[in-house]
1. Going by what's in this entry, would Lys152 be described as without any contact (Cβ under 8 Å) to a residue 60 or more places away in the chain, within 26 Å of Thr122 (Cα to Cα) and surrounded by fewer than 17 Cβ atoms within 10 Å (Cβ to Cβ)?
2. Within region 97-108, identify whether any single residue is over 30 Å from Ile209 (Cβ atoms), modelled with pLDDT of 95 or more, of a type outside the set (Ser, Thr, Tyr) and in contact with a helix residue (DSSP H, G or I) (Cβ under 8 Å, 6 or more places away or on another chain), and answer yes or no.
3. Any residue in region 51-70 that is in contact (Cβ under 8 Å) with a residue 24 or more places away in the chain sitting within a Cβ distance under 8 Å of a residue that is among the basic types (Lys, Arg) and loosely packed, with under 13 Cβ neighbours inside 10 Å? List the pairs, counting only those 6 or more apart or interchain.
4. Is it the case that some residue within region 127-143 is in contact with a Phe, Trp or Tyr (Cβ under 9 Å, 6 or more places away or on another chain), among the polar types (S, T, N, Q), surrounded by fewer than 18 Cβ atoms within 10 Å (Cβ to Cβ) and at pLDDT 95 or above?
5. Among the aromatic types (Phe, Trp, Tyr), in contact (Cβ under 8 Å) with a residue 40 or more places away in the chain and under 23 Å from Asp39 (Cα atoms): which single residue out of Tyr190, Tyr173 fits that description?
6. Can you tell me which residues in region 28-50 are over 24 Å from the mean Cα position of the chain (by Cα) and either at pLDDT 95 or above or assigned to a loop (DSSP other than H, G, I, E, B) (or both)?
Amino acid sequence: MTKILLLFIAILSFTACAKEELECETCTTKLIQPLQIIDKPIIFEKERISMTKEYIKSHYGKIVKDITITPKIILLHWTADMSFEKSFKRLEPQMLLTDRKDIMKASLLNVSSHFMVDRDGTIYRLMPENWMARHVIGLNYSSIGVENIGGKDNKSEDLTPAQLEANIALVKYLKAKYPTIEYMIGHYEYREMESTSLWLEKDEGYRTIKSDPGRKFMLDMRDAIKSLKLKMPPKVK
């Protein structure tokens with residue numbers, strides 16, 4: 001009888017300890033925070049909208065009533081300038097800056113991007129996600145552009161761990177919001193999309209050489225979001 005009583009007391013003690021440990025773990029578990037995006041709009045008024053429509057007509061052969069797109073691609077960049085404010089000011093005006101002689105002949109429409117991610121991982125939305133931005137040759141009409149502050153002088157693969165985490169979260173957010181998205185690519189891979197139906201550029205002489213956002217960054221991104229099953233550009237034969 002004594003043995004049975006002692007066994008019963010031991011079971012009660014074990015159950016109480018387990019309950020105490022469970023309650024402790026529950027109290028210290030951090031809640032998952034929602035994605036934070038700060039709206040910081042560039043100037044996108046009638047003039048820029050009109051120039052965008054003209055760009056679509058001259059480069060893609062489409063006459064459109066508005067500049068809305070159906071997102072199919074998330075395209076990642078770096079700015080090559082290490083300053084957020086300087087990078088933002090380059091995208092903010094409606095007209096292309098005079099030092100962009102490499103793409104000026106194609107259009108005076110200023111370059112733009114839907115998002116910009118600062119070095120600390122802060123995400124800024126610069127324009128509506130489903131409006132066309134000028135951020136890549138041939139694929140603007142189906143892509144959402146994400147600029148990352150870094151890549152000093154277009155040479156350094158120096159994007160931060162905080163930017164990597166922010167990009168992962170942003171890609172997951174965009175894929176959930178736009179199920180039409182099929183691809184995630186780096187800017188340096190854009191020409192590999194020429195064999196797809198998403199490539200629309202009509203000017204065969206309009207191409208630039210890109211290295212952003214770095215091969216290691218893209219490898220890390222693809223490893224982190226592989227569950228989304230976003231496609232890479234097709235292999236060039």
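The values are calculated or read from the model by the stated rules, or taken from the named source; none is laboratory data. Computed from a predicted model, the values in this text were never measured in an experiment. For neighbour counting, all protein chains shown are included, and Cβ atoms are generated from backbone atoms with ideal geometry for every residue, glycine included.
1. Criteria not met by Lys152.
2. For region 97-108, residues over 30 Å from Ile209 (Cβ atoms), modelled with pLDDT of 95 or more, of a type outside the set (Ser, Thr, Tyr) and in contact with a helix residue (DSSP H, G or I) (Cβ under 8 Å, 6 or more places away or on another chain): absent.
3. Note: pairs meeting the criteria are Ile56/Lys62; Ser58/Lys202; His59/Lys202; Tyr60/Lys202; Gly61/Lys202.
4. Yes - at least one qualifying residue is present in region 127-143.
5. On the way: Tyr190 fails: under 23 Å from Asp39 (Cα atoms).
Of Tyr190, Tyr173, the one residue that is among the aromatic types (Phe, Trp, Tyr), in contact (Cβ under 8 Å) with a residue 40 or more places away in the chain and under 23 Å from Asp39 (Cα atoms) is Tyr173.
6. Residues satisfying the conditions are Thr29, Lys30, Leu31, Lys46, Glu47, Ser50.
Yes or no, residue by residue, for (1) under 16 Å from the mean Cα position of the chain (by Cα); (2) of a type in the set (Ser, Thr, Tyr); (3) under 19 Å from Tyr141 (Cβ atoms):
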residue	(1), (2), (3)
Glu54	no, no, yes
Asp66	no, no, yes
His77	yes, no, yes
Ser83	no, yes, no
Ser112	yes, yes, yes
Phe115	yes, no, yes
Thr122	yes, yes, no
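Each row is one residue, and each column tells you yes or no for (1) without any contact (Cβ under 8 Å) to a residue 24 or more places away in the chain; (2) assigned to a loop (DSSP other than H, G, I, E, B).
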{"position": "Thr196", "(1), (2)": "no, yes"}
{"position": "Gly205", "(1), (2)": "yes, yes"}
{"position": "Pro213", "(1), (2)": "no, yes"}
{"position": "Asp220", "(1), (2)": "no, no"}
